[in-house]
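Quick notes on the structure that follows.
Just so it is clear, none of the values below were taken in a lab; they were calculated from the coordinates. It should be emphasised that the depicted structure is a prediction, and the values quoted were computed from it without experimental measurement. A quick note on method: Cβ atoms are made from the backbone with ideal geometry, for glycine too, and the neighbour counts reach across all protein chains shown.
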Amino acid sequence: MATQLFLSEHTVKSHLYNIFKKIKVHHRAEAAHWARKHLGIPPPMTKNSHRSRLPRELEPR
């Protein structure tokens, strides 16, 4: 992630630490759970979950 954003790894870790501290979590999995609960972020898509998420008219036949 740091390389893609042209930031040092330390900078990314510092920002993650501050975000985790603010939302009172300790791990990325906890942060993801917090986001789903508080922001309505959908769970990550699995290999076969794309079919159940598509509107009926867009589902493959």
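If you take all C-alpha pairs in the range 1-50, what percent of them are over 12 Å apart? Cα-Cα pairs in the range 1-50 separated by more than 12 Å: 69 percent.
What does the net charge come to around Ile19 if you take all other residues with beta carbon closer than 12 Å to its beta carbon, with K and R at +1 and D and E at -1? The answer is +4.
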